[in-house]
Amino acid sequence: MTTVVWFRNDLRLVDNPALHAAAAKGDVVPLFIWDPGLGPHHYGAAARWWLHYSLETLDARLRDQGATLIIRQGETREVLQSVIQETKAKHIHWNRRYDPSGIELDTALKTELQKQGLDVQSFNGNLVMEPWELKTKTGGPYKVFSPFWKNLISHPLMVAPLEEPDCSVPSGLSSDRLEELNLRPVLDWADGFSEDWEPGCVAAAATLSAYAAGPVAHYHDQRNLPAVEGTSRLSPRLRFGELSPRQVWHAVNQHHPNALDDEGAEAFLREIGWREFAYHLIYHFPATVNAPLRPNFERFPWRDAPDELKRWQQGMTGFPIVDAGMRQLWHTGWMHNRVRMIVASFLVKNLLISWQEGAEWFFDTLLDGDIASNTLGWQWAGGCGADAAPYFRIFNPMSQGEKFDPDGTYVRRWVPELSSVPNKVLHRPFEAKGMELQLSGVTLGQTYPQPIGEHKKARERALKAFDVVKGAA
DNA sequence: TGAAATGTTGGGGCG
DNA sequence: ACGCCCCAACATTTC
């Protein structure tokens, strides 16, 4: 008996329910389809770079077993049909996805394949709990995180991950070469990524066990300091399913048996909870990929300011903590979460540029660019989403910098032209007096940009603009 | 998972 | 010893 296992965002062999169930039945055809015609919400440019290496690793792991990953390029439906014909497979397995276009495609395929008499089964490989398993007391979906979290952790979640199965793969199937997919960018933009990252499920497992064994205990204290390695950096692993959230949950609980009563572990698992919440929301409110969850924000007067958007993207706003974050993103494909909130607040509230513009840039440049988490994060920042930062919550980029990067290590790393500026004015160089900047080799407007606007004025402008949506739900 | 404005309190300098 | 002022430190409210 042969089962096609269609890999998507689950590029691992351990704790992979679709694969596990297939291997128990007999032969497995591990398939990855690269469909160039898919819409924009599947992979950003940075994510494609990651995908290349993650697929390479998955293939290598299968080869350790004498198997191989079958990669096919083409229209999803046609590829599936031809693989089914070639293999005479009667069974198709995959792990579910929850974004609107993924659901649409999978539902249509499932119907079509079942009509042909095939056995099509989908599994939960990407979430701790399915979005429809958690309901409010009135039976609806959650829109607030805390009660969602309470409900989630009221369930028994310590489930041992599924073992990696032995895969026996029928021979003679052709595979396209990974290089032919051209997943890596043509520009040299991504060349530096490999200095910071080792994609693939092997490195993912190592990163998780090292993190769960030590640093997670200090997550609560250190997660807000962008200069410190206080976060897990597991986000791309979860994005591509090199790890399942259940594996993460399990690993943390092994080292912290009462993880939810432990400051560090609880704060960390809560972030897994936010990921679950993001999937819950995108499943129940699919329109929020593009449209604000709170309808009154439809009439918000966003500005069209392409030059300012570009300065934000390039890390040239003149606000050091913002520029440091945007440059870290460009150079490493990742940004510290505290800084993500700061740069998002800056785009949306200081510049009054729509959260959709920010979401698009993040999705394309983040290695962990995930449509559910990205949408939640940006709607949160914009004040128009579930459990969002209220419209009047406007981050002050100077005081945020001074609070979370007090000795300026982070800013100096990513904005080297400010490296000699004394701490006192590092986060507000435009307020330096006399010769202070010249002595550090800085001339505003030449070696480092003048700030886009004045924070105080921007704040007042934002508060005024948000009057439009004030009061209404 | 804010920041700024406004209010309150209490210590210390000073006439 | 007293009233007055200043201002940090903290709390509350407002956006």
Lone qualifier among A:L11, A:L19, A:L51, A:L38 - being in contact (Cβ under 8 Å) with a residue 60 or more places away in the chain, over 27 Å from A:D188 (Cβ atoms) and of a type in the set (A, V, I, L, M, F, W, C): A:L19
Hits in the stretch A:364-375 - residues which are part of a loop (DSSP other than H, G, I, E, B) and either assigned by TED's automatic domain parsing to the domain that holds A:A47 or in contact with a Ser or Thr (Cβ under 7 Å, 6 or more places away or on another chain) (or both): A:D368
Residue check, A:E357 over 30 Å from A:A204 (Cα atoms) and touching a Leu at 6+ places or on another chain (Cβ under 7 Å): yes
Hey, A:F395 more than 27 Å from A:G39 (Cβ to Cβ), without any contact (Cβ under 8 Å) to a residue 60 or more places away in the chain and away from DNA strand C (no atom under 16 Å from the Cβ) or not: no
Failed item, numbered, when A:G441 is tested on (1) farther than 16 Å from A:E308 by Cα; (2) surrounded by 10 or more Cβ atoms within 10 Å (Cβ to Cβ); (3) within 16 Å of DNA strand C (Cβ to nearest atom): (3)
Matching helices (runs of 4 or more DSSP H) fully within the stretch A:40-138 where at least 1 residues are surrounded by 20 or more Cβ atoms within 10 Å (Cβ to Cβ) and modelled with pLDDT of 95 or more: A:45-64, A:76-87
Which numbered condition A:L367 fails, given (1) farther than 30 Å from A:A291 by Cβ; (2) away from DNA strand B (no atom under 16 Å from the Cβ): (1)
2 or more residues small (G, A, S) and under 25 Å from A:L376 (Cα atoms): qualifying helices (runs of 4 or more DSSP H) within the stretch A:204-288: A:263-284
In the stretch A:402-425, residue farthest from DNA strand B (Cβ to nearest atom) [restricted to those that are part of a loop (DSSP other than H, G, I, E, B) and farther than 19 Å from A:P449 by Cα]: A:D407
Inter-residue pairs, beta-carbon under 7 Å, first over 17 Å from A:E198 (Cα atoms) and in the stretch A:318-334, second outside any helix (DSSP H, G or I) and of a type in the set (D, E, K, R), 6+ apart: A:I321/A:D405
Any hit, the stretch A:383-396, residues being part of a helix (DSSP H, G or I), more than 30 Å from A:R184 (Cβ to Cβ) and within 23 Å of the chain's Cα centre (by Cα): no
Unique match (being aromatic (F, W, Y) and either surrounded by 24 or more Cβ atoms within 10 Å (Cβ to Cβ) or not in a helix (DSSP H, G or I) (or both)) among A:W334, A:W361: A:W334
Counted residues, the stretch A:2-31 - those being over 13 Å from A:D166 (Cβ atoms), crowded, with 23+ Cβ neighbours inside 10 Å and of a type in the set (G, A, S): 1
Filter result for A:S399 (within 13 Å of DNA strand B (Cβ to nearest atom), under 23 Å from the mean Cα position of the chain (by Cα) and small (G, A, S)): no
Residues being in contact with a Leu (Cβ under 7 Å, 6 or more places away or on another chain) and acidic (D, E) - total across the stretch A:126-176: 1
Members of the stretch A:444-473 found to be of a type in the set (D, E) and within 16 Å of DNA strand C (Cβ to nearest atom), listed by number: A:E460, A:D467
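The values are calculated or read from the model by the stated rules, or taken from the named source; none is laboratory data. All figures in this text were calculated on a predicted structure; none of them were measured in a lab. A quick note on method: Cβ atoms are made from the backbone with ideal geometry, for glycine too, and the neighbour counts reach across all protein chains shown.
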